[in-house]
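Nothing in this text is a laboratory measurement; each read-out follows from the coordinates by a stated rule. Bear in mind the structure is a predicted one, so any value in this text is a computation, not a measurement. Here the Cβ positions follow ideal geometry from the backbone for every residue, glycine too, while neighbour counts run over all protein chains shown.
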Amino acid sequence: MASAVVHKILHHNHSNRESSPQQNHSSPAPQEDQELPTMERAYEEEKIKLAQWEDLKRPLSPGQIAVDANKKLVENSSCVLRQQDFELIKTLGTGTFARVWLVRLANPKDGDQNKVFALKILRKVDVIRLKQVEHVRNERNVLAAVAGHPFITTMVASFQDTDSLYMLLDYCPGGEVFSYLRRARRFNEPTSQFYAAEIVLILEFLHEKEGVAYRDLKPENILIDAEGHLKLVDFGFAKKVDNRETYTLCGTPEYLAPEVIRNTGHGCAVDWWAFGILVYEFLVGQPPFWDQNPMKIYEQIVEGRVRYPSAMTPDARDLISGLCTVDTSKRLGNIKGGAGAVKSHPWFRNIDWDALYHRKVQGPIVPHLRGPADTRNFDEYEPEPEGREKYSSEMRERWDECFRDF
């Protein structure tokens, strides 16, 4: 297995870094000569695996995702991959400390020219300056743990170099659900039910199998893949909480749960509140709590009074009111039955959950694509600014240990 070889290389490289300068300038030991072909072999195996992974991928059952974590073709931390192994095609998105590129394999073999990925590049300097080290580590480790879920972006590999961290992800050419929602103004009920049901399956898995709170559910973080199914992306705020409470203020104002605003401690229940807001936005076209002043939004959320349009069906109202309940002990999804209570709600009566999980149900929106590298569903972005701060030796000495998971 390539992973075993990579582990051996990683250990070898670590030993080299700890050797003295005098040793480094001496003649190579016979053992080092023997390792070189091993490194080359690991590098070739890694590239072959990247070219093959999409052909071999399939949805794993929730149990298999955890049990077969070491046998999966993806989610490994690679010490042999480099940015130069990929051709950067176009920026797909930017954030305060990250940029996501559409990439293809550099110098691909015959038949691999159209195999593309999304490469998330995070500059270490920015991650440290913006105090995002823990969030970035959480994102990488959560994505590794959940690789194989049919509706969560797949982290194919992670790696790093002197200045940056990299996460290689599957590419979703359909773009953001947010864009489709704005064009349509609102989704009809069957479309809303389909997307909402796939999100229920995501939250059920994250909460009940992994103990992870996602904490940033919103249309901008949900992409549509080539077959019309959802993929949840951007796990920067995701955190393994299990049954503990956490206090970090994070998320998007319109989607924050009351307990986050009050800073009374929160857990996975925040995702069910946000899910209620999301269903409302699907059906109405805008979230229930909104104001130009974020403080006014927070006041509305803490009050928790949702106003429903007269055209909304009683089942939809009942579902949203159960989810957007200020008291977490009474919130649907967080009460007895967990996600099962959400799945059995009358609004989802027509959903075949097993068929949906195995992607046997046709998505309501299947993107029209010219090919695997089609980017028409993504906006244009400014190029990266030049002359940015370098990752200094002092930073490296202090922070490199924090990035060892990459």
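In this calculation the C-beta distance from N263 to D110 is compared with R0 = 51 Å, giving a FRET efficiency of 0.35. Here the Karplus curve 6.51 cos²θ - 1.76 cosθ + 1.60, taken at θ = phi - 60°, turns the phi angles of segment 320-327 into couplings of 5, 5, x, 7, 8, 9, 4, 6 Hz, with x standing for Gly and Pro.
Loop-resident GluC sites (Glu not before Pro) (DSSP state other than H, G, I, E or B) in segment 241-331 with no more than 15 further Cβ atoms inside 10 Å of their Cβ: E245.
When all alpha-carbon pairs of the chain are counted, what percent fall beyond 29 Å?
48
Subtracting the Cα-Cα distance of V326 and Q292 from 0.36 nm times their residue separation leaves 10.0 nm of extension gain. Tell me the chymotrypsin sites (Phe, Trp or Tyr not before Pro) within segment 262-333 that lie in a loop according to DSSP and have at most 14 other beta-carbon atoms within 10 Å. Taking segment 262-333 and a limit of 14 other Cβ atoms within 10 Å, the loop chymotrypsin sites (Phe, Trp or Tyr not before Pro) found are W290.
For the chain, calculate the relative contact order in percent as a whole number, restricting contacts to Cα pairs under 8 Å that are 6 or more residues apart.
16
Residue separation of R82 and R404 scaled by 0.36 nm, minus their Cα-Cα distance, works out to 114.4 nm of gained length.
With n ≥ 4 as the cut-off for DSSP H runs, can you work out [θ] at 222 nm for the chain, using -39500 (n - 2.57) per run divided by the number of residues, rounded to the nearest 500? Using -39500 (n - 2.57) per qualifying helix, the result is -12000 deg cm²/dmol. With a Förster radius of 35 Å applied to the beta-carbon distance between R305 and Q52, the computed FRET efficiency rounds to 0.05. Remark: relative contact order (segment 177-357) = 23 percent; criterion is Cα-Cα distance under 8 angstrom and separation of 6 or more residues. Describe numerically, in nm with one decimal, the distance between label points set 7 Å from Cα along Cα→Cβ at T313 and at T248. Those two pseudo-labels are separated by 3.8 nm. Between E189 and K240, what's the calculated FRET efficiency when r is the beta-carbon distance and R0 is 30 Å? Round to 0.05. Efficiency, from the Cβ-Cβ distance: 0.30.
Only lysine pairs 8 or more places apart or on separate chains count here, and in segment 177-357 those with Cα atoms under 26 Å apart total 25. You can think of it this way: the chain between K90 and K209 has 39.3 nm of extra reach, that is 0.36 nm per residue less the Cα-Cα gap.
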